[in-house]
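Q: This is the structure I want to talk about, given as structure tokens.
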Amino acid sequence: MLYVSTRNQEEKATASQAVMQGLASDGGLFVPEQIPKLDVPVGKLAGMTYQETAYEVMKLFLTDYTEEELKACIRNAYDEKFDTEEIAPLVAAQGAYYLELFHGRTIAFKDMALSILPHLLTTAARKNNVGNEIVILTATSGDTGKAALAGFADVEGTKIVVFYPKDGVSPIQKRQMVTQKGANTFVVGINGNFDQAQAGVKQMFSDAELAKEMADAGYQFSSANSINIGRLVPQVAYYAYAYARMIKSGDIREGEKINVVVPTGNFGNILAAFYAKNMGVPIAKLICASNENKVLYDFFSTGTYDKNREFILTSSPSMDILVSSNLERLIYRIAGDDAQANAALMRSLQETGRYEITEGMRRQLADFYGNYASEEETAEAIRKIYQESGYVIDTHTAVAAAVYEKYKKETKDLTKTVIVSTASPYKFTKSVMSAIDPKKYGDKPDFELIDELEAISKVKAPQAVEEIRTAPVVHTAVCEADQMQEAVKGFLKI
Ligand SMILES: *Cc1c(COP(=O)(O)O)cnc(C)c1O
């Protein structure tokens, strides 16, 4: 299977080349020429472990990795770093199934892909005889950064640079990043928002002059952002796994359709669900949940994507995004795999901040449903689910839960539904606890609320949270949004 750029079908790459490159040279994203079909019945997956399921899914996308290579990557990723053997447990609560994707090292769903990406990448470099050191360049809205740092710290042959919006992440997210150990790591706060960080990173990827300077010094860039196909493919696996678990537990019959609700920012996670559906996992509706930065809701309701609006800082910072990069992969697909049509829309986005899709393209979005949750509705969802079932969810998951309520009210659709739970409530203790009881917890800082969350949820604080309570700060760099390139050069001494 080959990958092509969403902006130029002539630019092709093998899976391992696409993983290494991250972004296509024309600024497009790599997509598989076709979405493969599962070659085992979904019922058979019900008897498999997470690792076995991941192999069944990933082997169909990463066809130039040998069985041995891919199995080694999977084994090294999904091991004791996760605090449960199930890797991604499914918890029934409040009339839905919560797929908990936060049992990895950094307690957010980014670990699902970023614990395997370093292995996919170093294997790819070896396969393609790359001698350069690989520099991972990443913009983060909070969770990618730490998950990528944890994945790449001290991995031989790599360096990693992470840019985060200095005032746009939660205190716990920030502490997680600035305490990261590893001589090959570099963490920089920018005076700007996530979109500016992402734009700066994308600019560096497509800067030919910079690429040459890098190559002369023995470096090349790669990306740990969800634009990398090596992030997307591992995420497809947990949708197949969740479905198989529901067969196994007797909650559904084999072949029965389910809905999924995904709290969405950069559109990577929900795109993985779309790929899973196209592979043959029986998914009916793909419910895209946004916070007050509801650019995707507006897109699904009007067919116009328009980022010209105020950027709102919310209690679900990992979804505070106005340019959802992975949407480009869906646009390409619904344009009939037409790179030129997609490139024209992306040019319009670049130049005017907006684009409008055709009626024909809109009709192909029938399986998507978009809605959003206000800050109040998000807090309300946390409080209600806790009060009625004792289950504590984080703010991102709560956006999804609130949108699911709206969906049910609007459609009366009673299809069994998986809500993707993307972060541990321990990552956002202040927002979570003040949603549950603003009077009692509203004035306390995040770190003081860890023990109280433990007491009310009866779920032990994860190791990751305990560690950062005492870890020393080692990263203090800050730069302006237009100085990111200089910061990278400084770190690499070029
Ligand atoms: C990254 C992230 C999201 C958004 O996922 P996308 O793939 O960017 O849409 C949602 N919730 C949490 C906790 C995240 O870290």
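Q: I need every pair where a residue in the stretch 140-168 that is among the β-branched types (Val, Ile, Thr) has its Cβ under 6 Å from the Cβ of a residue that is more than 16 Å from the ligand (Cβ to nearest atom) and not in a helix (DSSP H, G or I), sequence separation at least 6 or different chains.
A: Cβ pairs passing all conditions: Thr158/Ile134; Ile160/Ile136; Ile160/Thr185; Val161/Leu137; Val161/Phe186; Val162/Val187.
Q: Looking at the structure I just gave you, is Val392 modelled with pLDDT of 95 or more, within 12 Å of the ligand (Cβ to nearest atom) and not in a helix (DSSP H, G or I)? Before the answer, list the steps.
A: Details: modelled with pLDDT of 95 or more: yes; within 12 Å of the ligand (Cβ to nearest atom): no; not in a helix (DSSP H, G or I): yes.
No; evaluated as a whole, the condition is false for this residue.
Q: Pairs needed: first member in the stretch 440-458, free of Cβ contacts under 8 Å to residues at least 60 places away in the same chain; second member anywhere, among the small types (Gly, Ala, Ser); C-beta distance under 7 Å; at least 6 residues apart or different chains.
A: Qualifying pairs under 7 Å: Tyr441/Ser434; Gly442/Ser434; Ile450/Ala461; Glu454/Ala461.
Q: Given the residues Ala381, Ala400, which is the only one that is free of Cβ contacts under 8 Å to residues at least 60 places away in the same chain, closer than 22 Å to Pro89 by Cα and crowded, with 16+ Cβ neighbours inside 10 Å?
A: Ala381
Q: Consider Arg329 against the criteria (1) surrounded by fewer than 18 Cβ atoms within 10 Å (Cβ to Cβ); (2) in contact (Cβ under 8 Å) with a residue 40 or more places away in the chain; (3) of a type in the set (D, E, K, R): it satisfies all of them except one. Which criterion is unmet?
A: (1)
Q: Sticking with this one: Within the stretch 71-103, track down each residue that is buried (at least 20 other Cβ atoms within 10 Å of the Cβ) and more than 21 Å from the chain's Cα centre (by Cα).
A: Result: Ala96, single match.
Q: Checking Gln176 against (1) open to solvent by 10 Å² or more (accessible area, probe 1.4 Å); (2) within 16 Å of the ligand (Cβ to nearest atom), which test does it fail?
A: Of (1) open to solvent by 10 Å² or more (accessible area, probe 1.4 Å); (2) within 16 Å of the ligand (Cβ to nearest atom), only one is false for Gln176: (1).
Q: Which pairs do you get when a residue that is in contact (Cβ under 8 Å) with a residue 40 or more places away in the chain and more than 6 Å from the ligand (Cβ to nearest atom), found in the stretch 259-271, comes within reach of a residue that is outside any loop (DSSP other than H, G, I, E, B) and basic (Lys, Arg), reach meaning Cβ atoms under 8 angstrom, with the pair 6+ apart or on two chains?
A: These pairs meet every condition: Asn259/Lys285; Val260/Lys285; Leu271/Arg329.
Q: Taking interchain pairs and intrachain pairs at least six residues apart, which have beta carbon atoms under 7 angstrom, with the first residue in the stretch 205-219 and within 18 Å of Val19 (Cβ to Cβ) and touching a residue at least 40 places away in the same chain (Cβ under 8 Å) and the second assigned to a helix (DSSP H, G or I) and not hydroxyl-bearing (Ser, Thr, Tyr)?
A: Tyr219/Leu492
Q: Suppose we filter the stretch 44-66 for residues that are assigned to a helix (DSSP H, G or I) and open to solvent by 20 Å² or more (accessible area, probe 1.4 Å); how many remain?
A: 7
Q: Got a number for residues in the stretch 356-372 being within 30 Å of Ile419 (Cβ to Cβ) and open to solvent by less than 70 Å² (accessible area, probe 1.4 Å)?
A: Matching residues across the stretch 356-372 total 10.
Q: From the set of residues in the stretch 105-114 that are assigned to a loop (DSSP other than H, G, I, E, B) and open to solvent by 10 Å² or more (accessible area, probe 1.4 Å), which is nearest to the ligand (Cβ to nearest atom)?
A: Once the filter is applied, the top-ranked residue is Phe109.
Q: Of the conditions (1) away from the ligand (no atom under 16 Å from the Cβ); (2) open to solvent by less than 60 Å² (accessible area, probe 1.4 Å); (3) out of contact with any helix residue (DSSP H, G or I) (no Cβ under 6 Å at 6 or more places or on another chain), Asn225 fails just one. Which one is it?
A: Going through the list (1) away from the ligand (no atom under 16 Å from the Cβ); (2) open to solvent by less than 60 Å² (accessible area, probe 1.4 Å); (3) out of contact with any helix residue (DSSP H, G or I) (no Cβ under 6 Å at 6 or more places or on another chain), Asn225 breaks only (1).
Q: Is it fair to say Glu292 is out of contact with any Asp or Glu (no Cβ under 8 Å at 6 or more places or on another chain) and either open to solvent by 10 Å² or more (accessible area, probe 1.4 Å) or away from the ligand (no atom under 12 Å from the Cβ) (or both)?
A: For Glu292, the condition - out of contact with any Asp or Glu (no Cβ under 8 Å at 6 or more places or on another chain) and either open to solvent by 10 Å² or more (accessible area, probe 1.4 Å) or away from the ligand (no atom under 12 Å from the Cβ) (or both) - is not met.
Q: Right, next: I need the full set of residues from the stretch 272-289 which are more than 13 Å from the ligand (Cβ to nearest atom) and either open to solvent by 10 Å² or more (accessible area, probe 1.4 Å) or over 26 Å from Tyr332 (Cα atoms) (or both), in order please.
A: Within the stretch 272-289, Lys277, Asn278, Gly280, Pro282, Ala284, Lys285 meet the criteria.
Q: Does Asp320 meet the test of being at pLDDT 95 or above and either within 23 Å of the chain's Cα centre (by Cα) or open to solvent by 10 Å² or more (accessible area, probe 1.4 Å) (or both)? Step through it out loud before you land on a result.
A: Numbers: at pLDDT 95 or above: no; either within 23 Å of the chain's Cα centre (by Cα) or open to solvent by 10 Å² or more (accessible area, probe 1.4 Å) (or both): yes.
So Asp320 fails the test.
Q: Can you pull out the residues in the stretch 332-353 that are open to solvent by 20 Å² or more (accessible area, probe 1.4 Å) and not hydrophobic (A, V, I, L, M, F, W, C)?
A: Once the filter is applied, which keeps residues that are open to solvent by 20 Å² or more (accessible area, probe 1.4 Å) and not hydrophobic (A, V, I, L, M, F, W, C), the stretch 332-353 yields Arg333, Gly336, Asp337, Asp338, Gln340, Arg347, Ser348, Gln350, Glu351, Thr352.
Q: In the stretch 201-217, is there at least one residue being open to solvent by 10 Å² or more (accessible area, probe 1.4 Å), within 16 Å of the ligand (Cβ to nearest atom), more than 23 Å from Thr53 (Cα to Cα) and at pLDDT below 95?
A: Yes: the stretch 201-217 contains one or more residues that are open to solvent by 10 Å² or more (accessible area, probe 1.4 Å), within 16 Å of the ligand (Cβ to nearest atom), more than 23 Å from Thr53 (Cα to Cα) and at pLDDT below 95.
Q: Which residues, counting only those in the stretch 115-145, are in a helix (DSSP H, G or I) and within 16 Å of the ligand (Cβ to nearest atom)?
A: Listed by number, the residues that qualify are Leu117, Asp143, Thr144, Gly145.
Q: Please give the number of the condition Val473 fails out of (1) modelled with pLDDT under 95; (2) hydrophobic (A, V, I, L, M, F, W, C); (3) open to solvent by 50 Å² or more (accessible area, probe 1.4 Å).
A: Just one mismatch for Val473, condition (1).
The values are calculated or read from the model by the stated rules, or taken from the named source; none is laboratory data. Given the structure is predicted, the values throughout are model-derived calculations rather than measurements. Here Cβ is always computed from backbone atoms with ideal geometry, including for glycine, and neighbour counts include all displayed protein chains. Keep in mind that these areas ignore ligands, DNA and RNA; they rest on the heavy atoms of the full protein, side chains included. Shrake-Rupley method; radii C 1.70, N 1.55, O 1.52, S 1.80 Å.
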